[in-house]
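Participant: Could you have a look at this structure, given as structure tokens, before my questions?
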Amino acid sequence: MNLLHRFSQFHKVSFSSLQFRLTLELVSLSILGLSSVAFWAGWQMEKNLVAAHKQTLEYIARSFPEQLQFYTQENSLETGLEKIIDKVATPELIVWVKNSQGELLAQSSTNHFLPEFQAVESFFQVPEKPQVIKFNNRDIVLCGTPLMINQNFIGKLYLSQDITSDQQKLNLSIWRLSLISIGTITILIMVICYRIGESLRPLKQMSEVARVISADDLSGSKLGLNQAPQEILGLAQAFNEMLLRLSGSWEQQRQFVGNVSHELRTPLTIIAGYLQSVLRRSDNLSTHQIQALETATNETEKTIRMLQDLLDLARADSGHLHFRCHPIMLNTLIIEVAQMSQKVTQRKINLTLTDEDVITCADQDRLQQVLINLVDNALKYSSPPHPIDIILAKTTDSALIHVQDYGVGITLTHQKRIFERFYRVDESRNRSQNGTGLGLAIAKSLTEAMEGSITVRSSPEEGSIFTVTLPIWRTS
Ligand code: ADP
């Protein structure tokens, strides 16, 4: 089992996969089928060989009295017996005759195993019909029939045929047959594995394509499997149609979110304005009323921010978010971001800049929005007295801005998902942090729209580093 497990790890084969099951079934069936045929052929060959020898002995035993009668017309019984025995005996066929007292009347002289073979009598009850026996490591077909002429009992005729060499030849043939069968099975296994792998390749291609399709590229995605078999082409077509339908409803959903956000933002902004003006003139209000108004204002402002985020995302998705990209000196921008953030926190914000200027082409406001969001998160998910580090670095082609904190950190499973919309690691803990789960999704959307990327490295309880990578701007 361990070996099988290692094999599956090495060849990336899963035991529950269709490929493994089909291969196993076909290979088992082939082994079973071919070995049954080989076994049956060997058994049949042996049966035929023995049957042929038995028939020969039966024939000799049947014709022996007739021939003896013929020879004893002119000769004595002993001479007649010797003549026939000389005629029928061969190096492998030993013949001897004994009278009713068990005395030897005649015997063949052509085999040096003769005395040994005759000793068979003392070990076995010699059968009347020919039968195969194993004696002194040799295979012998043996029979002993009563010898009668004209109703007179002469004695007993013994026939013993040594079939050892035939048996050895047969064993050799069976051995060769087995080797050929093993060779054929090996070739069959290889062909089966290859063919099944090839037949399932389009399915694997399909799942690979399906795996990399994201909500953003639903409309442009399509499975192109023109070479695939008919059945898989049908599946691919159904899959493409489903992608089209999904893309349609995804688009509708985006439009809906955009429209709702837009429609709700205006009345909420008016409500927030009224609430703030009532709060400004709150002299005749009780403390309880002021608290209620403050809560309402905070919640309204939070909802407006979320609606603005949703609107930004909807615009970015539909390509309607406008970017005014121009060369920006990141050294200056980062100092501004640090100063802005420092205004809302007592925590220390450390800056590490490069000696040389780092220039990228981006929309200043959008990039600032991204960085402030990252610093804001760093402050939210770490606690005093830990500082926040903003580090600017540069490679040949890219500018890197790291925002590092020493806070709660994020596990690997969550790191893969935090850039998704509304994804929050720990809902109960985060509710107190006043977030919506949209900040990183927007940061990612904005950065990618400026041809950059955003990544995270983090260890739970040690902290996180978010890195914004942007292409270096070159004059030429
Ligand atoms: P939120 O408004 O909840 O902060 P974000 O999209 O900005 O939404 O972040 C998504 C989730 O990622 C957060 O809920 C938080 O769990 C996690 N997260 C973001 N930044 C950090 C950080 N610096 N340290 C630990 N967790 C973070």
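Participant: Here is a list: Met306, Met329. Which entry is under 25 Å from Phe419 (Cα atoms), of a type outside the set (D, E, K, R) and under 53 Å from the mean Cα position of the chain (by Cα)? Spell out how you get there, then give the answer.
Facilitator: Details: Met329 fails: under 25 Å from Phe419 (Cα atoms).
When all the criteria are applied, what remains is Met306.
Participant: Determine if segment 387-410 includes at least one residue that is of a type outside the set (Ser, Thr, Tyr), on the phi > 0 side of the Ramachandran plot and within 16 Å of the ligand (Cβ to nearest atom).
Facilitator: Going through segment 387-410, the residues of a type outside the set (Ser, Thr, Tyr) turn out to be 387-394, 397, 399-405, 407-410.
Next cut, on the phi > 0 side of the Ramachandran plot only: 409.
Cutting the leftovers down to within 16 Å of the ligand (Cβ to nearest atom) gives us 409.
Within segment 387-410, one or more residues are of a type outside the set (Ser, Thr, Tyr), on the phi > 0 side of the Ramachandran plot and within 16 Å of the ligand (Cβ to nearest atom).
Participant: Out of Thr345, Thr332, I need the residue that is part of a helix (DSSP H, G or I), of a type in the set (S, T, N, Q) and either without any contact (Cβ under 8 Å) to a residue 24 or more places away in the chain or more than 20 Å from Ser458 (Cβ to Cβ) (or both). Which one? Walk me through how you get there before you give the answer.
Facilitator: On the way: Thr345 fails: part of a helix (DSSP H, G or I).
From the options Thr345, Thr332, the qualifying one is Thr332.
Participant: So, one more: Is segment 214-223 home to any residue that is part of a helix (DSSP H, G or I) and of a type in the set (Ser, Thr, Tyr)?
Facilitator: Here is the first cut: in segment 214-223, the ones part of a helix (DSSP H, G or I) are 215-217.
Then drop every residue that is not of a type in the set (Ser, Thr, Tyr), which leaves none.
Scanning segment 214-223, I find no residue that is part of a helix (DSSP H, G or I) and of a type in the set (Ser, Thr, Tyr), so the answer is no.
Participant: Could you tell me which numbered condition Thr300 fails, if it satisfies all but one of (1) crowded, with 16+ Cβ neighbours inside 10 Å; (2) within 24 Å of Thr447 (Cβ to Cβ)?
Facilitator: (2)
Participant: Taking Ser277 as the residue in question, decide whether it is open to solvent by less than 80 Å² (accessible area, probe 1.4 Å), polar (S, T, N, Q) and outside any helix (DSSP H, G or I). If you could, list the steps in order and put the result at the bottom.
Facilitator: Numbers: open to solvent by less than 80 Å² (accessible area, probe 1.4 Å): yes; polar (S, T, N, Q): yes; outside any helix (DSSP H, G or I): no.
Taking the combined requirement at face value, the residue does not satisfy it.
Participant: Related question: Report, by residue number, each residue of segment 456-476 that is over 14 Å from Thr395 (Cβ atoms) and within 16 Å of the ligand (Cβ to nearest atom).
Facilitator: Residues satisfying the conditions are Val456, Arg457, Ser458, Ser459, Pro460, Glu461, Glu462, Gly463, Ser464, Ile465, Phe466.
Participant: Which residue out of Ile213, Ile232 is at pLDDT 75 or above and either of a type in the set (Val, Ile, Thr) or not assigned by TED's automatic domain parsing to the domain that holds Leu22 (or both)? Steps first, answer last, please.
Facilitator: Numbers: Ile213 fails: at pLDDT 75 or above.
Criteria check complete, one pass: Ile232.
Participant: While we're looking at this one, here's another question. With the checklist (1) charged (D, E, K, R); (2) surrounded by 12 or more Cβ atoms within 10 Å (Cβ to Cβ); (3) more than 30 Å from Ile180 (Cβ to Cβ) in hand, flag the one item Lys54 doesn't pass.
Facilitator: (3)
Participant: Hey, among the residues in segment 59-90 that are without any contact (Cβ under 8 Å) to a residue 60 or more places away in the chain and part of a loop (DSSP other than H, G, I, E, B), which one's surrounded by the most Cβ atoms within 10 Å (Cβ to Cβ)? First the steps, then the outcome.
Facilitator: From segment 59-90, those without any contact (Cβ under 8 Å) to a residue 60 or more places away in the chain are 59, 62-63, 66-67, 70-71, 73-76, 78-90; that's our starting set.
Remaining after also requiring part of a loop (DSSP other than H, G, I, E, B): 73-76, 89-90.
Details: Gln73: 7, Glu74: 8, Asn75: 13, Ser76: 10, Ala89: 20, Thr90: 12.
Restricting to residues being without any contact (Cβ under 8 Å) to a residue 60 or more places away in the chain and part of a loop (DSSP other than H, G, I, E, B), the top hit is Ala89.
Participant: Okay, next question. Tell me which residues, restricted to segment 379-402, are among the small types (Gly, Ala, Ser) and within 17 Å of Ile328 (Cα to Cα).
Facilitator: Filtering segment 379-402 down to residues among the small types (Gly, Ala, Ser) leaves 382-383, 393, 398-399.
Ala393, Ser398, Ala399, listed by residue number.
Participant: Oh, and also: Got at least one residue in segment 434-449 being within 20 Å of Asp309 (Cα to Cα), open to solvent by 10 Å² or more (accessible area, probe 1.4 Å), away from the ligand (no atom under 12 Å from the Cβ) and of a type in the set (Gly, Ala, Ser)?
Facilitator: yes
Participant: Could I ask something else about it? Looking only at segment 91-109, how many residues end up being touching a strand residue (DSSP E or B) at 6+ places or on another chain (Cβ under 7 Å) and either open to solvent by less than 20 Å² (accessible area, probe 1.4 Å) or charged (D, E, K, R) (or both)? Before the answer, list the steps.
Facilitator: Let us first name the residues in segment 91-109 that are touching a strand residue (DSSP E or B) at 6+ places or on another chain (Cβ under 7 Å), namely 92-100, 104-108.
Checking which are either open to solvent by less than 20 Å² (accessible area, probe 1.4 Å) or charged (D, E, K, R) (or both) leaves us with 92-98, 106, 108.
So the answer is 9.
For every residue, the table says whether it meets (1) within 21 Å of His322 (Cα to Cα); (2) open to solvent by 30 Å² or more (accessible area, probe 1.4 Å); (3) not aliphatic (A, V, I, L, M).
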| position | (1), (2), (3) |
| --- | --- |
| Ala362 | yes, no, no |
| Asn377 | no, no, yes |
| Asp389 | no, no, yes |
| Ile418 | no, no, no |
| Thr455 | no, yes, yes |
| Ser458 | no, no, yes |
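Participant: I've got another one for you. Is segment 248-256 home to any residue that is open to solvent by less than 80 Å² (accessible area, probe 1.4 Å), over 30 Å from Ile213 (Cβ atoms) and of a type in the set (A, V, I, L, M, F, W, C)? Explain how you work it out, then say what you get.
Facilitator: Residues of segment 248-256 that are open to solvent by less than 80 Å² (accessible area, probe 1.4 Å), as a first pass: 248-251, 254.
Applying the additional criterion that residues be over 30 Å from Ile213 (Cβ atoms) yields none.
No: zero hits.
The values are calculated or read from the model by the stated rules, or taken from the named source; none is laboratory data. If you're wondering where the values come from, they're calculated on a predicted model, not measured in any experiment. Cβ atoms come from the backbone with ideal geometry, glycine included; neighbour counts cover every protein chain shown. For accessibility, only protein heavy atoms count, side chains too; no ligands or nucleic acids. Shrake-Rupley method; radii C 1.70, N 1.55, O 1.52, S 1.80 Å.
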